[in-house]
1. Could you tell me whether the stretch 176-195 includes any residue that is among the charged types (D, E, K, R), under 14 Å from the mean Cα position of the chain (by Cα) and either within 16 Å of the ligand (Cβ to nearest atom) or not in a loop (DSSP other than H, G, I, E, B) (or both)?
2. Just to be sure I understand the filter: pairs with C-beta atoms under 9 Å, separated by 6 or more residues or on different chains, first member in the stretch 69-96 and among the basic types (Lys, Arg), second member outside any strand (DSSP E or B). Which pairs pass?
3. Hey, could you check the stretch 134-161 for residues that are crowded, with 19+ Cβ neighbours inside 10 Å and within 14 Å of Leu120 (Cβ to Cβ) and say which is nearest to the ligand (Cβ to nearest atom)?
4. Among the residues of the stretch 73-83, is there at least one that is under 28 Å from Ile30 (Cβ atoms) and of a type in the set (Lys, Arg)?
5. Report the residue count in the stretch 202-252 for those that are within 11 Å of the ligand (Cβ to nearest atom), assigned to a helix (DSSP H, G or I), in contact with a strand residue (DSSP E or B) (Cβ under 8 Å, 6 or more places away or on another chain) and not small (Gly, Ala, Ser).
6. Looking at (1) more than 16 Å from Val8 (Cβ to Cβ); (2) in contact with a helix residue (DSSP H, G or I) (Cβ under 7 Å, 6 or more places away or on another chain), can you tell me which one Leu209 breaks?
7. Can you confirm whether the stretch 218-240 contains a residue that is on the phi > 0 side of the Ramachandran plot and surrounded by fewer than 24 Cβ atoms within 10 Å (Cβ to Cβ)?
8. Find the residue count for the stretch 192-209, including only residues that are in contact (Cβ under 8 Å) with a residue 60 or more places away in the chain and surrounded by fewer than 19 Cβ atoms within 10 Å (Cβ to Cβ).
Amino acid sequence: MNKDLRKVVIAGNWKMNKTPEEAKKLIEEIKPLVKDAKCEVVTCVPFVDLTTVLEATKGSNIKVGAQNCHWEEKGAFTGEISAPMLKSMNVEYVIIGHSERRQYFGETDITVNKRVKAALANGLKVIICVGESLEQREQGVTCELVAMQTKIALNGVSADDMKNVIIAYEPIWAIGTGKTATAEQANEVNHAIRETIAQVYGKAVADALTIQYGGSMNAGNAEELLAQPDVDGGLIGGASLKPADFAKIVEAASK
Ligand code: PEP
């Protein structure tokens with residue numbers, strides 16, 4: 001497995017945190033700390049922070065993402081934001097199918113797939129989240145489940161569009177809990193995802209795909225996780241709100 005074939009991406013997921021004013025302050029703190037990164041650095045921020053963060057990151061190496069988008073281009077979908085709206089602002093990335101959306105907002109594999117296709121059709125890069133609950137892990141179905149989530153999320157996505165896809169393996173039991181998958185567990189599932197991609201799209205696409213790990217990645221455990229052959233970056237929640245910690249993770253990914 002040749003890691004040099006793919007991009008290492010560290011993406012912060014700010015979740016529902018930071019007003020625009022607070023977002024500007026946080027970005028100004030993060031910017032100098034990650035300016036020499038040898039990996040891609042992304043911050044996925046609340047919709048209301050996008051304008052501020054896009055402005056504040058201009059000329060820097062920080063890319064900007066949203067945390068969701070709807071599958072329709074426009075229409076009677078009160079409270080939703082579409083992919084063309086994000087694209088028109090020059091947003092580059094969008095997270096799709098985060099477990100918090102699956103858990104609290106009725107997101108399913110089918111709606112994940114619709115959002116992924118809309119985002120890609122509008123020129124956005126997607127970070128698709130997959131992962132098992134603790135119960136599912138204990139039942140021994142993690143790799144099958146994650147393979148299924150991945151296949152459904154990508155149904156109808158062309159091999160060519162896969163260059164704009166990142167998969168984030170995020171075990172639900174590790175998100176925001178302080179519990180992290182061991183480096184071996186993370187690598188095993190990331191490897192299973194890559195095998196699934198190889199079955200569907202062939203080895204070249206699988207080898208080039210960035211597969212992140214997410215779930216309580218922090219300044220202390222990032223290096224070991226990121227050293228795994230199939231872990232090509234991280235999706236970072238809590239630690240992305242702490243500039244020094246986020247910078248340490250970026251540094252670990254730059255090695
Ligand atoms: C996340 O929100 O995707 C995440 C991984 O959160 P945390 O790092 O806080 O577990």
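1. Checking the stretch 176-195: not a single residue is among the charged types (D, E, K, R), under 14 Å from the mean Cα position of the chain (by Cα) and either within 16 Å of the ligand (Cβ to nearest atom) or not in a loop (DSSP other than H, G, I, E, B) (or both).
2. Lys74/Pro84; Lys74/Met85; Lys87/Ala119; Lys87/Asn122; Lys87/Gly123; Lys87/Leu124
3. Filtering first and then ranking leaves Ala153.
4. No, the conditions are met nowhere in the stretch 73-83.
5. Selection size over the stretch 202-252: 3.
6. So Leu209 meets the others, but not (1).
7. Of the residues in the stretch 218-240, the ones on the phi > 0 side of the Ramachandran plot are 233.
Those left that are additionally surrounded by fewer than 24 Cβ atoms within 10 Å (Cβ to Cβ): none.
Within the stretch 218-240, not a single residue is on the phi > 0 side of the Ramachandran plot and surrounded by fewer than 24 Cβ atoms within 10 Å (Cβ to Cβ).
8. Selection size over the stretch 192-209: 2.
Here, each number is a calculation from the coordinates, and none is a lab measurement. Quick caveat, the model's predicted, so the values are computed rather than measured. Reconstructed Cβ throughout: ideal geometry from the backbone, glycine too, with neighbour counts over all protein chains shown.
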